[in-house]
Amino acid sequence: MKAWILAAALLISGASMAQKKKNWDNYLPMSTIGIGVGFQEFDGLNNRIANFPQYRDLRDYTAVLQLGWMKERNRVISMSNITLGSSMSGDRNRQSSTTRFAGIGADFGYDLLKQDRVMLYPIAGIGYEWYQAKFYRDNSNVNFNDVLTSPIVQTGISPVAFNNSFFNYKLGMGLNLFAPKEKGASVGLQAAYIGSFQDREWRGKSNQDLANAPEDRLGRFQISLVLTKAPMWYGKKGR
């Protein structure tokens, strides 16, 4: 519960502290959408899974989607994001594994350039992310009728899931190129490292503590294509 309250506070504070350049005063922030890829290795969990050949280890990359907003004033940039990610390894219908995560965060930056059409800025931020790693066995030899009649077989073919969560920090760089005739519209790139403050033990499917559980630390490098769009009432003027 404390984690959810803190995460919500991060998002609200990021929005309330957001500001713009004087050309965008008194307007809502620009909406943003980012599509990219993240690279993350969970060595502790993968090393443990390697001892059980019926399971497939996790991939070290995930597809990433970001939704949020951005604001700027006097070259100071503030952003808030909701981040979703997913990966899949192996045969989806047989032996496979997947990683899914959701996160929330507030980021700040500073525009290093004084140009109207280009924005180059370092990024620093904090956030919180929730992870689930799920492992599917090859059940293609299990008889369909046995699944219908035996609770033991039904339980035996269920995937195994582990959960984790991390407070994190973010360090990176961003570049935005603004459209000449539409205020607030831009296309850009963001590259960042997202790391956790400590190692965390993996927990059971319902977040139970487990004895002798492997530990991992968040350490994801991420690159995303980011699009921004101002509200419709910004008008068709330049940045």
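Annotation: per residue accessible area for segment 149-204 equals 49 Å², rounded to a whole number [probe 1.4 Å, protein chains only].
Taking all protein chains into account, the per residue accessible area for segment 42-103 stands at 49 Å² (1.4 Å probe). Hull volume per residue, based on the alpha-carbon atoms of segment 65-147 and their convex hull, is 125 Å³.
Computed from label points 7 Å out along Cα-Cβ, the spacing between T149 and S86 is 3.6 nm. Give me D for segment 112-239 in µm² s⁻¹, whole number, from Stokes-Einstein with Rh from the Kirkwood sum over alpha-carbon pairs, 37 °C and 0.692 mPa s. After rounding, the answer is 172 µm²/s. Give me P(r) over segment 102-174, computed from all C-alpha to C-alpha distances, binned every 5 Å, as integer percentages. Per 5 Å bin, starting at zero, the Cα-Cα P(r) for segment 102-174 comes out as 3, 12, 13, 10, 9, 8, 8, 7, 7, 6, 6, 4, 3, 2, 0 percent. At an R0 of 35 angstrom, the distance between the Cβ atoms of R117 and D60 translates into a FRET efficiency of 0.45. Between the C-alpha center of segment 198-217 and that of segment 160-196 there is a gap of 27 Å.
For K114, the aspartates and glutamates whose Cα falls under 19 Å of its own Cα, not counting residues fewer than eight places away in the same chain, are D25, E72, E182. Solvent exposure of T155, expressed as accessible area, is near 100 Å², computed with a probe of 1.4 Å over the protein chains only.
The values are calculated or read from the model by the stated rules, or taken from the named source; none is laboratory data. All figures in this text were calculated on a predicted structure; none of them were measured in a lab. No Cβ is skipped: glycine too gets one built from the backbone with ideal geometry, and neighbour counts run over all protein chains shown. Surface accessibility is based on the protein's heavy atoms, side chains included, excluding ligands, DNA and RNA. Shrake-Rupley method; radii C 1.70, N 1.55, O 1.52, S 1.80 Å.
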